[in-house]
Amino acid sequence: MIVDDQQPDPVLTAYLERRPALIRYFSVRLRSVEAAEELVQDIYLKIARRPAEAIENPDAFLFRLGSNLMLDRIKRDRRAKRRIEAYGVIYGSGGEPAADEPAADDALAARQRLQTIVEAVKALPAPAQTAFRLHKLEGLSHAETAAAMGVSRSSVEKYLMACLKQIQDKVGRP
Amino acid sequence: MVEQAGSDELRARAIAWHVRLQSDRATADDWAALTAWLDESEAHLAAFEAVETLAAELDAKADSIRAALAPPVLAPPVLAPPVLAPPVLGRARPDTRRIRWPAWTALAAACVAGLMIAPWAWNGWLGSPVTYRTAIGETRAITLADGSHIHLDGGSTLSVRLGWGQRRVALGEAQASFDVAKDPRRPFVIDAGDERIRVVGTEFNIRHYDASLVLSVRRGVVEVRSPGSGNAMVARLRKGDELRHQDGQAQATLTSVDPDAAFAWSTGRLICSDRPLGEIVSDLNHRYALPIQVSGPAAQRRFTGVLILGDQDALVRHLAGYMALSQERRPDAIILR
């Protein structure tokens, strides 16, 4: 790993500058200043340990990194809660087996949900569908998607909004 | 009036916020504006959470969605011409053409109706796959239609798709050095095990044997992502950087190396800097028909030096002599211990 001592890391510089804004944003998201401060500290740990790499938009990177950490934490909490409920079944009613895996009807529901998403995407107009594939499935950025499709970035954004709207209409609230 | 989290207007605004902030142009001011909007009401917050959760679900299911959406892919030809020319579809089997015709008209109708991406457009985007294979001991220089060069080491397999929108390589069990022609509109993406490597115009070597990946960069910048975890960036490599990763593991290590060493195989040399003998032998076994086996403890011993990839007997003699190992020649293998 190459570390250049001559130049301060632009991501670290951005972090120090944006720390108050990050705490404000995540306080609203997490409905707790304390939880936000903890999360913003976790962002610091992540960026301090990351491999040397150039990041084009450090501000956007920090907010997105924080959002990912937040979603990971929500997922983890939900899993822990499920486990506790499962144990509750064991000790509460006695004899009911508890599994960490989703039950068979959960798996069926997940398959049906995937099918609904796929149908919603298939029902989109061609350009919106292409934008969805390139950005969401192939991992291209908005700019790269725009270049690949030969349209403006704002068109790409319009297509992606239409996609999310359509999918949300079909699958409803999670 | 109290806004409902489920109202169309509110949902559209939450989606607009989400998409705008996923853009590469989003600024800290945009986030400050979102913070203010979310702080206005619990309904705003709930609507935004719903979009974000849905987007995360789509990311997590991207592979399944892609598989369910993609039109059936034609099997790649087994042996391809040395210079890439997209194979003519259906040329070999006349019955294929008869099957294709009605499907074609139906697809054209679907296109007019604007309901789906026609598979020809999708295949044009992806390009037709062409597979290259080398026998053990055989190396091969490939020039792609975009001007990129690939030098494929022995016992290697890779398949290439040159599409309108991207250039894509799937690396099987292989070692190859790449000199990629610059084309910012068509990123060059390589899938190797569970890593995705992405370049614009650069020169680098990839060794992908036994589910272990070694990537060394000689010129330009190479980006490594992990499709298994939301396409997260693993590292960005520059000249002299080397990344090592074992398929299935979360961690990758990044070190600074002499970039020429990784390319030396293409000029008939193997440059080893403190490498375990087991790994060196795995390299050699892609080059020589008679496999070399190293017994347990000897495989862990480390070697530093240059091996000339000429006559196998001379090479083994040199290696065994240097490391004070005994060699036993069997009809089906050379045993070092």
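FYI, it's all coordinate maths here, none of it is from the lab. Please read all numbers here as calculations on a predicted model, not as lab measurements. Because the Cβ atoms are built from the backbone with ideal geometry, glycine has one as well, and the counts that use them run over all protein chains shown.
Using the Karplus relation 6.51 cos²θ - 1.76 cosθ + 1.60 with θ = phi - 60°, the per-residue 3J(HN,Hα) values for segment B:260-274 come to 5, 4, 5, 8, 4, 4, 6, 10, x, 10, 10, 9, 10, 10, 6 Hz, with x marking Gly and Pro. Whole percent per 5 Å bin, from 0 to the bin with the longest distance: what is P(r) over all C-alpha pairs of segment B:8-60? Binned Cα distances yield the sequence 4, 21, 29, 27, 16, 4, 0. For segment B:244-258, backbone phi angles converted through the Karplus equation (6.51, -1.76, 1.60; θ = phi - 60°) give residue-by-residue couplings of 10, 8, 9, 3, x, 9, 7, 9, 10, 10, 10, 10, 9, 9, 7 Hz, Gly and Pro being listed as x.
Per-residue mean of foreign Cβ neighbours for B:16-23 is 6 (Cβ atoms of other chains, 10 Å radius). Close amide H contacts of B:Gln293 (hydrogens built in the peptide plane, cut-off under 5 Å, sequence separation of 5 or more or a different chain): B:Ile334, B:Ile335, B:Leu336. Across segment B:8-60, the mean sequence separation of Cα contacts (distance under 8 Å, 6 or more residues apart), normalised by length, yields a relative contact order of 45 percent.
Phi angles of segment A:140-156 translate, via the Karplus equation with coefficients 6.51, -1.76, 1.60 and θ = phi - 60°, into HN-Hα couplings of 6, 6, 4, 5, 5, 4, 4, 5, 5, 8, x, 10, 6, 5, 5, 5, 4 Hz per residue; Gly and Pro are given as x.
Candidate cross-link partners of B:Lys239 among the aspartates and glutamates, defined by an alpha-carbon separation under 16 Å and a same-chain spacing of 8 or more, comprise A:Asp4, A:Glu53, B:Asp179, B:Glu203, B:Glu223, B:Asp258, B:Asp260.
Here is the P(r) of segment B:159-259: all C-alpha pair distances, binned every 5 Å from 0, give 3, 14, 26, 27, 20, 8, 2, 0 in whole percents. Mean partner shielding of peptide A:18-26, defined as the number of other chain Cβ atoms within 10 Å of each residue Cβ, is 3.
Kirkwood's formula applied to the C-alpha pairs of segment B:268-336 gives a hydrodynamic radius of 11.9 angstrom.
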